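Visitor: Supplied in structure tokens, the structure appears directly below.
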Amino acid sequence: MALAIRRARPASGAAGDTAVVTAMRHFVAGVTVLTCGVGDEAQGVTVSTFSTVPGDPPMACVALRTGSRGLRALANCPVFVANGLAAAQEPLARHFARRGRPRGLAQLPPDAWLGDPCDGVPRLSGAVAWLECRPELTVPLSDHELVVAEVVSAFHTGGTPLVTFAYDLRSGPSASGASTERDSS
């Protein structure tokens, strides 16, 4: 296996930064809304930097901007849910991406939440998959922090996911079949 050599960092604001970020946006990623908290403290944030590691135990990670509302919310909760959005949920992705969005369950109609979210971490109705995660580690990276979490339960419904590619939200490939993959809670 070849060792990677880290490229020299251009000065902040250098022309190469824009090219790098643009190229990074050309990797297809699922659109995920992280939800945490209960009742009036329930919050969500749209992310496109969510990734999984199917080891033992299975892990997940997400990069959030240092000091962001989403990072503060996750830091104060023992568990969060990664909601893998369906293609038809683009309005939810945009809602949870807005900076001035309200807090609490009342920010969305009751049918937008799955089941009774007052009893636990809120899940978004209609998502193609949910992973309940317990944060284990936070690592500072650039102007973000990487949150590494253990996946403690999982469920998927199948369907067509919402993906991001080249600054645009699109429908991904369809999948079928509901399944509980793991439940160690």
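Computed from the coordinates by the stated procedures, all read-outs in this text should not be read as laboratory data. Remember, predicted model here, so these are calculated numbers, not experimental data. Positions of Cβ are backbone-derived with ideal geometry, glycine not excepted, and every protein chain shown enters the neighbour counts.
Visitor: When the Kirkwood hydrodynamic radius is evaluated over all pairs of different C-alpha atoms of segment 40-90, what value in angstrom, to one decimal, is obtained?
Guide: About 12.6 Å, per the Kirkwood formula over Cα pairs.
Visitor: For T18 and R72, what is the calculated FRET efficiency with R₀ set at 30 Å and r taken between the beta-carbons, to the nearest 0.05?
Guide: On the way: r = 29 Å, r/R0 = 0.96.
Once the sixth-power term is evaluated, E becomes 0.55.
Visitor: Still on this structure: Could you grab the Rg to Rh ratio for segment 71-124? Cα atoms only, Kirkwood for Rh. Please list the in-between numbers first.
Guide: On the way: Rg = 11.5 Å, Rh = 12.4 Å.
Reported Rg/Rh (Cα atoms, Kirkwood Rh): 0.93.
Visitor: Taking a ≥ b ≥ c as the square roots of the Cα gyration tensor eigenvalues, with a/c under 1.5 meaning rounded and otherwise prolate when a/b beats b/c, else oblate, which class fits segment 40-137?
Guide: Values: a/c = 1.41, a/b = 1.26, b/c = 1.12.
Rounded is the answer for segment 40-137, as its axis ratio a/c remains below 1.5.
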